[in-house]
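Each remark here refers to the structure printed beneath this line.
The values are calculated or read from the model by the stated rules, or taken from the named source; none is laboratory data. As the structure is a prediction and not an experimental result, all values here were calculated from the model. Cβ: placed from backbone, ideal geometry, glycine included. Neighbour counts: every protein chain shown.
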């Protein structure tokens with residue numbers, strides 16, 4: 001049998017190796033790991049059940065808060081406790097069929113709403129909750145109606161209306177991305193936009209954030225980008241392609257703005273059609289505008305705006321006060337570039353095809369006093385207008401260009417055209433203007449004084465090449481200062497210059513036209529006081545003027561008066577005309593036929609007419625003619641008359657007593673006529689052969705030609721002395737004394753005819769009276785004529801010899817000496833005619849210059865009648881017969 005194996009003692013066995021520390025975990029770590037596992041399992045369980053619970057809680061909360069008037073649907077809600085985030089997808093908010101008037105009616109569809117970085121501990125404590133970001137993406141918002149009766153909480157700040165009674169929210173980033181919206185209340189106004197992207201940084205919805213004046217609507221900065229927006233309000237459709245606003249960059253930019261009328265607007269309401277490609281505002285301090293009501297920006301630029309406006313027909317119901325939007329407005333630069341304006345109005349229709357405006361340092365203080373240095377609230381303005389048209393008072397007005405600079409004090413107008421109303425247009429009896437003005441330049445004007453003091457001050461106004469046809473209104477207009485007082489209280493213009501211009505005044509009986517005008521006025525002041533200042537002439541200290549042709553109808557349509565050149569100088573008291581003429585439109589026969597009675601055709605030409613020492617002030621104010629000296633150089637007058645027709649039935653105005661009836665004062669201290677000539681041609685009814693007579697080389701001076709009672713008295717009457725030649729062969733020296741204010745018209749003319757022959761009268765007596773002076777020499781003829789309204793008296797002393805007359809006949813279109821006329825002539829020469837005077841006994845026989853005044857004839861005709869009567873009586877014709885012959889009148893039927 002085998003032996004049993006003896007067991008060794010335990011101490012003899014090998015010892016196992018000791019256990020290492022890593023193979024034993026502390027109990028507390030096991031507990032920690034177990035707790036973490038439990039928390040993870042709990043979180044997974046909570047996460048699994050929390051999302052549906054929150055979704056249901058949100059939907060119920062909306063229904064509870066709105067009393068079931070709104071229904072919220074959330075397609076999916078995911079929370080992440082580790083990321084402290086919540087994500088919602090397919091969010092839908094719908095109102096009930098009926099919504100209380102305390103709530104708006106809104107529909108919302110959102111693809112995603114992400115809220116990340118939520119401070120959970122602060123949320124549990126209901127303190128100020130920090131949030132990293134809130135992003136609402138791809139949302140569609142439709143506002144169908146606003147709350148008609150908002151609740152009391154609606155007026156509270158947003159930070160006081162936070163959910164869960166939170167003390168505030170601090171959101172690092174807030175985004176409203178890819179959003180569409182519409183405001184469709186069923187009536188105007190309405191609005192819609194295709195896409196909006198709104199973002200804000202550092203948004204603090206807390207009391208501190210609301211009070212922070214550096215923030216705008218709780219945020220450090222906002223940015224909005226709006227695309228394809230449109231709206232409808234007050235009968236107008238508004239469209240906007242793009243809007244970009246950034247408070248961080250301090251800019252707002254609008255692109256492709258469009259406003260158009262749409263539908264039937266209420267009667268009398270304004271209509272606006274606007275196209276604005278771009279508006280850009282930079283340097284805007286939005287926080288100052290929100291908190292301090294102070295608008296402050298660097299620049300506002302409008303690019304190529306096109307505006308068509310129909311103004312309201314009635315008065316505006318009331319405009320908004322600027323102060324309710326901003327107490328202060330500061331804009332460094334304003335610019336409107338390449339704009340246009342079209343105003344459609346019954347009273348004022350205008351089209352401005354290009355507008356460029358620039359304003360600098362614009363400042364408006366709603367409560368402060370305006371700065372006296374500002375012009376329309378700006379330091380300076382520049383304005384440029386391109387080709388423009390307007391209708392003002394039925395006149396069509398066009399403008400080629402306008403440039404205005406308030407800083408430089410300049411205003412330039414180019415290519416101004418004013419067209420009068422057409423036939424049947426415009427107000428009857430109103431003013432009519434036809435104006436072409438290539439250039440107007442105003443320099444050195446103070447625009448601030450115009451605004452602040454209503455006073456226009458300028459250094460010069462220059463008008464070049466203007467052509468004006470002006471028809472004054474039937475009712476006399478008020479004085480110039482009163483017309484301008486509606487715009488300015490006072491006008492001060494250092495110099496006015498009008499160059500190479502034309503003026504025609506229509507609507508008057510004697511409407512003048514003036515060519516090639518050069519006018520300069522200095523020291524012009526226009527107001528009520530200047531109108532009364534004696535030293536001023538038409539509001540100016542002095543005037544200088546020159547012109548080319550001046551023409552006007554005289555006794556229209558029978559005559560036309562003209563002057564080739566004229567010059568005026570108020571400082572020198574000088575007014576001078578050159579190349580004066582008076583030309584009839586018709587011949588003597590035509591005059592008779594058109595008038596219906598005998599009227600001569602008078603042609604007058606005066607190379608030079610000068611007024612020296614002229615008082616212009618009285619001439620302008622009262623139309624008084626007060627002049628020291630009038631000089632008429634080399635006048636030539638041609639009078640052609642025809643004795644066929646009735647005598648003029650009207651009382652003659654060429655008479656001394658008519659001076660009393662002039663509507664103005666005439667006071668000529670001296671009148672000089674130098675080298676004058678008068679040619680007359682008369683066709684009597686006896687023969688068709690015209691008679692001629694001339695008075696040549698007339699030179700005379702007349703003194704105190706006046707109707708001023710202070711100067712014209714019986715002791716100081718009009719006096720004159722003249723020398724002339726009858727038929728350019730017989731000298732006549734004459735004098736006149738005439739009290740022009742005598743109602744009886746009494747005056748005296750006396751003088752002497754020098755040596756000559758009687759046959760110089762044959763050119764007139766043969767064809768018109770069929771009387772021929774066969775022979776006779778004149779040694780001297782003296783006369784002294786007294787005349788008045790009834791006639792003339794006086795004495796003639798004719799010294800002559802060898803006088804014989806021949807009576808003639810007219811037959812077969814020829815002047816002949818028939819036998820009977822020869823016999824009668826012989827008898828007259830022997831029995832009646834004195835062949836010489838003094839007589840052979842040395843006796844000087846006188847003749848009586850007695851003739852009756854015919855009121856229808858001029859005073860010159862009375863003088864001629866007196867001379868003829870005295871001469872006939874002097875040569876032997878009985879006085880009664882001599883008077884009758886002198887007063888004979890030719891009357892015959894008007895020519896066919």
* Structure fact -> If we ask which residues in region 314-354 are more than 13 Å from residue 364 (Cα to Cα), part of a loop (DSSP other than H, G, I, E, B) and either touching a helix residue (DSSP H, G or I) at 6+ places or on another chain (Cβ under 8 Å) or at pLDDT below 75 (or both), their number turns out to be 9
* **Positions within region 62-101 being free of Cβ contacts under 8 Å to residues at least 12 places away in the same chain and within 29 Å of residue 150 (Cα to Cα), in sequence order** => 63, 64, 65, 97
* Asked: Can residue 858 be described as under 21 Å from residue 732 (Cβ atoms) and over 60 Å from the mean Cα position of the chain (by Cα)?
  -> no
* Got at least one residue in region 887-896 being surrounded by 15 or more Cβ atoms within 10 Å (Cβ to Cβ) and not in a loop (DSSP other than H, G, I, E, B)? -> no
* Please work out if residue 91 is in a loop (DSSP other than H, G, I, E, B), on the phi < 0 side of the Ramachandran plot and either surrounded by 14 or more Cβ atoms within 10 Å (Cβ to Cβ) or touching a helix residue (DSSP H, G or I) at 6+ places or on another chain (Cβ under 7 Å) (or both). => no
* Determine if region 115-126 includes at least one residue that is assigned to a helix (DSSP H, G or I), in contact (Cβ under 8 Å) with a residue 40 or more places away in the chain and either closer than 17 Å to residue 51 by Cβ or in the same structural domain as residue 226 (by TED's automatic domain parsing) (or both). => yes
* **Residue list for region 277-288, filter: part of a helix (DSSP H, G or I) and either modelled with pLDDT of 95 or more or under 39 Å from the mean Cα position of the chain (by Cα) (or both)** => none
* Just name the residue that is surrounded by the fewest Cβ atoms within 10 Å (Cβ to Cβ) out of those in region 390-410 that are within 12 Å of the chain's Cα centre (by Cα) and in a strand (DSSP E or B). => 392
* Residues (within 60 Å of the chain's Cα centre (by Cα) and either within 13 Å of residue 867 (Cβ to Cβ) or surrounded by fewer than 17 Cβ atoms within 10 Å (Cβ to Cβ) (or both)) located in region 789-803 -> 789, 790
* Asked: Does residue 806 satisfy being more than 17 Å from residue 868 (Cα to Cα), modelled with pLDDT under 95, in contact with a helix residue (DSSP H, G or I) (Cβ under 7 Å, 6 or more places away or on another chain) and crowded, with 19+ Cβ neighbours inside 10 Å?
  -> yes
* State the number of residues belonging to region 56-88 that are exposed (fewer than 15 other Cβ atoms within 10 Å of the Cβ) and at positive phi. => 2
* Verdict on residue 856 being in contact with a strand residue (DSSP E or B) (Cβ under 6 Å, 6 or more places away or on another chain) and surrounded by 15 or more Cβ atoms within 10 Å (Cβ to Cβ) -> no
* Subset of region 549-572 (residues that are surrounded by fewer than 16 Cβ atoms within 10 Å (Cβ to Cβ) and in contact (Cβ under 8 Å) with a residue 12 or more places away in the chain) -> 549, 556, 557, 571
* Asked: Since residue 163 meets every condition but one in (1) within 21 Å of residue 200 (Cα to Cα); (2) in contact with a strand residue (DSSP E or B) (Cβ under 6 Å, 6 or more places away or on another chain), which condition does it not meet?
  -> (2)
* Asked: Do we have residue 434 as touching a residue at least 24 places away in the same chain (Cβ under 8 Å) and either surrounded by 16 or more Cβ atoms within 10 Å (Cβ to Cβ) or touching a helix residue (DSSP H, G or I) at 6+ places or on another chain (Cβ under 8 Å) (or both) here?
  -> yes
* **Residues (more than 9 Å from residue 498 (Cβ to Cβ) and within 22 Å of the chain's Cα centre (by Cα)) located in region 513-529** => 524, 525, 526, 527, 528
* Structure fact -> When region 550-588 is checked residue by residue, the ones that are part of a loop (DSSP other than H, G, I, E, B) and within 28 Å of residue 523 (Cα to Cα) are 570, 571, 572, 573
* To do: For region 361-368, indicate whether the set of residues that are farther than 23 Å from residue 289 by Cβ, at pLDDT 90 or above and assigned to a strand (DSSP E or B) is non-empty.
  => no
* Could you tell me which of the residues 299, 242, 256 is in a strand (DSSP E or B), out of contact with any helix residue (DSSP H, G or I) (no Cβ under 7 Å at 6 or more places or on another chain) and on the phi > 0 side of the Ramachandran plot? => 256
* Given (1) surrounded by fewer than 16 Cβ atoms within 10 Å (Cβ to Cβ); (2) more than 33 Å from the chain's Cα centre (by Cα), where does residue 599 come up short, assuming only one miss? -> (1)
* **The listed residue being within 30 Å of residue 449 (Cβ to Cβ) and assigned to a strand (DSSP E or B), out of 493, 529** => 493
* Taking the residues in region 214-249 that are under 15 Å from residue 199 (Cα atoms) and not assigned by TED's automatic domain parsing to the domain that holds residue 188 as candidates, determine which candidate is nearest to the chain's Cα centre (by Cα). => 243
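Which residue out of 765, 795, 740 is assigned by TED's automatic domain parsing to the domain that holds residue 662, closer than 25 Å to residue 702 by Cβ, touching a strand residue (DSSP E or B) at 6+ places or on another chain (Cβ under 8 Å) and not in a strand (DSSP E or B)? So that I can check it myself, show each step before the final result.
Values: 765 fails: closer than 25 Å to residue 702 by Cβ; 795 fails: not in a strand (DSSP E or B).
Step by step, each of 765, 795, 740 is checked, and only 740 is assigned by TED's automatic domain parsing to the domain that holds residue 662, closer than 25 Å to residue 702 by Cβ, touching a strand residue (DSSP E or B) at 6+ places or on another chain (Cβ under 8 Å) and not in a strand (DSSP E or B).
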* To do: Of the numbered conditions (1) surrounded by 15 or more Cβ atoms within 10 Å (Cβ to Cβ); (2) at pLDDT below 95; (3) over 16 Å from residue 529 (Cβ atoms), residue 475 fails exactly one; give the number of that condition.
  => (1)
* Does any residue of region 595-607 turn out to be assigned to a strand (DSSP E or B), more than 30 Å from residue 684 (Cβ to Cβ) and touching a strand residue (DSSP E or B) at 6+ places or on another chain (Cβ under 9 Å)? -> yes
